[in-house]
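The structure appears right after this line, and notes come after that.
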Amino acid sequence: MQAFTVHRGIAAPLDRANVDTDAIIPKQYLKSIKRTGFGPNAFDDWRYLDPGQPDADNSGRRPNPEFVLNQPPFDRATILLARENFGCGSSREHAVWALGDFGFRAVIAPSFADIFFSNSFKNGLLPVVLAENAVDELFRRVQAEPGLEIEVDLQTQEVRVPGGPAFRFEIDSDRRRRLLEGLDDIALTLQHADEIRAYEERRRREAPWLIVG
Amino acid sequence: MSGKTLYDKLWQAHVVHEEPDGTTLLYIDRHLVHEVTSPQAFEGLRLAGRKPWRGGSVLAVPDHNVPTERRDLGIADPVSRTQVETLEHNVAEYGLRFFPMRDLRQGIVHVIGPEQGATLPGMTVVCGDSHTSTHGALGALAFGIGTSEVEHVLATQCLWQSRSQSMLVRVDGELRPGVTGKDIVLAIIGAIGTAGGNGYAIEFGGSAIRSLSIEGRMTVCNMAIEAGARAGMVAVDEKTIEYVRGRPQAPTGELFEQAAAAWRDLVSDPDARFDRVVELDAAGIEPQVTWGTSPEMVVPVSGRVPDPARERDPVRAEGMRRALSYMGLQAGTPIAAIRPDKVFIGSCTNSRIEDLREAAAVVRGRRKADSVKLAMVVPGSGLVKQQAEAEGLDRVFLEAGFEWREPGCSMCLAMNADRLESGERCASTSNRNFEGRQGQGGRTHLVSPALAAAAAVAGHFVEPAQLEG
């Protein structure tokens, strides 16, 4: 997994609450059996005026000029600024892949849906939870100065704005360590293989109906 | 010290290892797999040279991409076909239990798990699908995961989890006639909001929840995720045990009695403390209809479309305006004046036999309104379909001008050929009314099977009891 330490980049303001994973990547693109190539279809319904097709070239499609990620310099954004309950709905990890493939390394919001939040960490995308007034302040700054680069620092757990305040964010220590080091979750878990086997043996005795096959 | 919640009991029984910060390696008893969220997980497993830890924990089925008519012709869309074939190759390579598209037992993964007895009380159940919360109705800890976690469970039979906070949603009192599990859960989402359950595992309790059948409880737990909670659950009672008894993969004989004795303990202790308690009066719940593009945008069928001008929170008011524009609705419009173009009865929320009986009872002896272009019924599994046909429900629907289809996810999310065209309005028994969910530009109103059926007959939303003729 790609590690995350410090990232500096343009932040795009997506000023909507409850952005769901159907909006981040519509269902027709979930038919792919790959992990890559979802970037051109991120926010597809909002981003284009004409419909697209899975596995088709998107370069000839008509972008919606009203959508923030089509407006320079936000088309080069690598940090997404969002509102409450970002990533709600379906568990599709394709939503995280699509954001990563578009170029995002971090999403900042007052709250995230649980499954999206957890999926992000598995793919080196850092979801940053900040208080609502801090997010409001970031929206104001970014909207006033489009192209403003902000810095997300996982080591110090801060979001920094040039000439502005630094906002501290909380993150659980285990997730932070895994992301900083880009660790392979499965390899780490398999270090506990003996404990897993011991658990299974005990459960086969105590509740044999649970562990079948 | 206070007693344990049901969630505490389920959690503690599955702890394999705990880190000092509380991050826990949790054992997974049952892993359900479908074609959409698994291909990249199997590929990851293969690339790392790993094998499934306990293949017997897996039950796999194609449901999202499958056609609901003319299955003899196979899957026309080559991209959908490839995804289903990829699942077939993966289950064959690793020797996993699988119900192919033409198997009578095939169906929506969250319908067939309980139906087969593959999901049992006391289990941890996961699937790369957010509606895995459905299985919590049996007193299981069931939640949706992403594809990386699907790979992780395949490889290790475990997941790293932090403990959720606990919420009790208690619905006490007597339900009005015609009010269903769907109306209860929509009313709960309306009350706490789609983010209300973020970070929580919800236990649904109270006399109104206990009065529901197991299938009704599944409908409620299914939409826990629409309230933001990954897991929803209901305590075990005798209904649960009788539901499980005799299912194909359930324990039998002496082992069943031993299991049942353990299952009876899967209730929150009387002195258990919850981090949050929400109470609803069952008698105050009316049949519900969503008007917007989030499940929390919901009102009673007797109500009106709300006015964003009366909302004080500016972000919320803007969301309401956007939703009204997308839905093509005016503030103040009576819900009863909204006229759907299509009606969809199905999905992991409402496609079980009781749902079909409830809809058929409304439709019997009546006809679909001419203004409704399509009313389709998609049973949740081949076995549900067979049962419905044995009861003659297919005839009731067909004679009323409805279509009777093969089982799958269908127009809940429109990954197969069943979808709304842009601007079309649908009365749907599914779980999400997001923009574009049922087809780009499609407009979804979430309702119970009885209300969907009544809308198909009347051509507009109406309480079934008020239907003429």
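Here are the numbers for the structure shown:
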| read-out | value |
| --- | --- |
| Calculated diffusion of chain B, Stokes-Einstein form, Kirkwood radius summed over Cα pairs, 37 °C and 0.692 mPa s, µm²/s | 146 |
| Extended-chain gain in nm, criterion 0.36 nm per residue less alpha-carbon gap, B:GLN165 and B:GLU257 | 29.9 nm |
| Hits among lysines - C-alpha to C-alpha of B:LYS342 under 23 Å, sequence gap 8 or more where chains match | A:LYS27, B:LYS182, B:LYS368, B:LYS373, B:LYS385 |
| The range B:77-227: proportion of alpha-carbon pairs further apart than 26 angstrom, % | 33 |
| Net charge, B:GLU399 excluded, C-beta distance under 11 Å - Lys, Arg +1, Asp, Glu -1 | +4 |
| Student exercise, the range A:4-63 dipole from Lys, Arg, Asp, Glu Cβ charges, in Debye to nearest 20 | 220 |
| Proximal charge balance of B:LEU6 [Cβ under 11 Å; K/R count +1, D/E count -1] | -2 |
| Net +/- balance of residues flanking B:ASP275 in space, Cβ distance below 13 Å, scoring K and R +1, D and E -1 | +1 |
| Which of A:ALA109, A:ASN133, A:PHE121, positive extreme of dipole for the range A:98-144 (C-beta unit charges) | A:PHE121 |
| As computed over the range B:255-331, the Cα convex hull volume per residue (Å³) | 203 |
| Calculated FRET efficiency for the pair A:HIS7/A:GLU137, C-beta based, R₀ 30 Å, to 0.05 | 0.95 |
| Helix-only CD estimate at 222 nm, as mean residue ellipticity for the protein assembly as shown, using -39500 (n - 2.57) per DSSP H run (n ≥ 4) | -9000 deg cm²/dmol |
| Ratio of the Cα radius of gyration of the protein assembly as shown to 2.2 N^0.38 Å, where N counts its residues | 0.91 |
| Fluctuation leader among A:GLU158, A:GLU149, A:GLU132 - chain A, Gaussian network, Cα springs under 10 angstrom | A:GLU132 |
| Pair A:THR36, B:ARG322: separation of 7 Å Cα→Cβ label points (nm) | 3.2 |
| Cα→Cβ-extended label distance, 7 Å offset, between A:GLU181 and A:ASP57, nm | 4.6 |
| Gaussian network model of chain A, springs between alpha carbon atoms under 10 Å - residue of A:ASP174, A:ASP55, A:ASP45 with greatest fluctuation | A:ASP174 |
| With eigenvalues of the C-alpha gyration tensor scaled by 5 and rooted, the range B:150-284, Å | 26, 21, 14 |
| FRET efficiency estimate (nearest 0.05) - Cβ-Cβ, A:ARG76 to B:ASP265, R0 56 angstrom | 0.45 |
| Size of charge dipole - chain B - debye, nearest 20, with Cβ of Lys, Arg +1 and Asp, Glu -1, no other charges | 600 |
| DSSP bridge orientation in chain B - percent antiparallel, rounded to nearest 5 | 25 |
| Spacing of the two label points (7 Å from each Cα toward its C-beta) at B:ALA48 and B:ALA465, in nm | 5.6 |
| Size of electric dipole in the protein assembly as shown: Cβ of Lys, Arg +1 and of Asp, Glu -1, about Cα centre, debye, nearest 20 | 660 |
| Förster radius 25 Å - calculated FRET efficiency between B:ALA331 and A:LEU49, Cβ distance, rounded to 0.05 | 0.40 |
| Charge-dipole axis of chain B as Lys and Arg at +1 and Asp and Glu at -1 on Cβ define it, positive-most pick from B:GLN106, B:THR444, B:GLY401 | B:GLY401 |
| Dipole-positive endmost among B:GLY199, B:VAL220, B:ALA360 within the protein assembly as shown (Cβ charges, Cα centre) | B:ALA360 |
| Three semi-axes of the equivalent ellipsoid, the range B:330-469, Cα gyration tensor, whole Å, largest first | 22, 19, 12 |
| Potential lengthening between B:ASP72 and B:GLU18 on full extension [0.36 nm per residue; Cα-Cα distance subtracted] | 14.4 nm |
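Here, each number is a calculation from the coordinates, and none is a lab measurement. These numbers come from a predicted model, not from an experiment. Glycine gets a Cβ as well: all are built from the backbone with ideal geometry, and neighbour counts include every protein chain shown.
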